[in-house]
Amino acid sequence: MYGLIGKMKAVSGQRDALITILIEGIADMPGCLSYIVAYDSTDADAIWITEVWDNKNSHHESLSLANVQEAISRAKPLIAGFGERFETEPIGGHGLVASG
């Protein structure tokens, strides 16, 4: 499995609008086992995105999907910047079922 954890900073006051776009854009992503968007508890404009994929290639291929491209286009004006980004190798846990 392949995992990503990343921090994204919204334009001031636009965090909820950005979250809505990101969540709407995640439907039907082959290989996506989990995609979680969470508030940052210390920054009113920041969010954390935690993703788990069956493999790194599935994540890469998802970036060319029409719904993902549309979400990216809609979200860009609401993104002020990015923070930390971590690649992980998930091995399991509550709510996560390994593929294959």
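The values are calculated or read from the model by the stated rules, or taken from the named source; none is laboratory data. Fair warning: this is a prediction, and the values are worked out from it, not measured in the lab. Cβ sites come from the backbone with ideal geometry, for glycine too, and all protein chains shown count toward neighbours.
Points to keep in mind about this one:
Let's see how each residue does on (1) exposed (fewer than 15 other Cβ atoms within 10 Å of the Cβ); (2) in contact with a strand residue (DSSP E or B) (Cβ under 6 Å, 6 or more places away or on another chain):
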{"position": "Lys7", "(1), (2)": "no, yes"}
{"position": "Val11", "(1), (2)": "yes, yes"}
{"position": "Ala27", "(1), (2)": "yes, no"}
{"position": "Gly31", "(1), (2)": "no, yes"}
{"position": "Ile49", "(1), (2)": "no, yes"}
{"position": "Val52", "(1), (2)": "no, yes"}
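- Just one of (1) over 23 Å from Gly95 (Cβ atoms); (2) surrounded by fewer than 19 Cβ atoms within 10 Å (Cβ to Cβ) fails for Leu18. It is (2).
- Verdict on Ala44 being among the small types (Gly, Ala, Ser), modelled with pLDDT of 95 or more, surrounded by 13 or more Cβ atoms within 10 Å (Cβ to Cβ) and out of contact with any Leu (no Cβ under 6 Å at 6 or more places or on another chain): no
- The stretch 49-69, subset in contact with a Ser or Thr (Cβ under 9 Å, 6 or more places away or on another chain) and outside any strand (DSSP E or B), residue modelled with the lowest pLDDT: Val68
- Residue check, Ala80 assigned to a helix (DSSP H, G or I), surrounded by 13 or more Cβ atoms within 10 Å (Cβ to Cβ) and in contact (Cβ under 8 Å) with a residue 24 or more places away in the chain: no
- Test: residue in the stretch 84-96 that is modelled with pLDDT of 95 or more and in contact with a helix residue (DSSP H, G or I) (Cβ under 6 Å, 6 or more places away or on another chain): no
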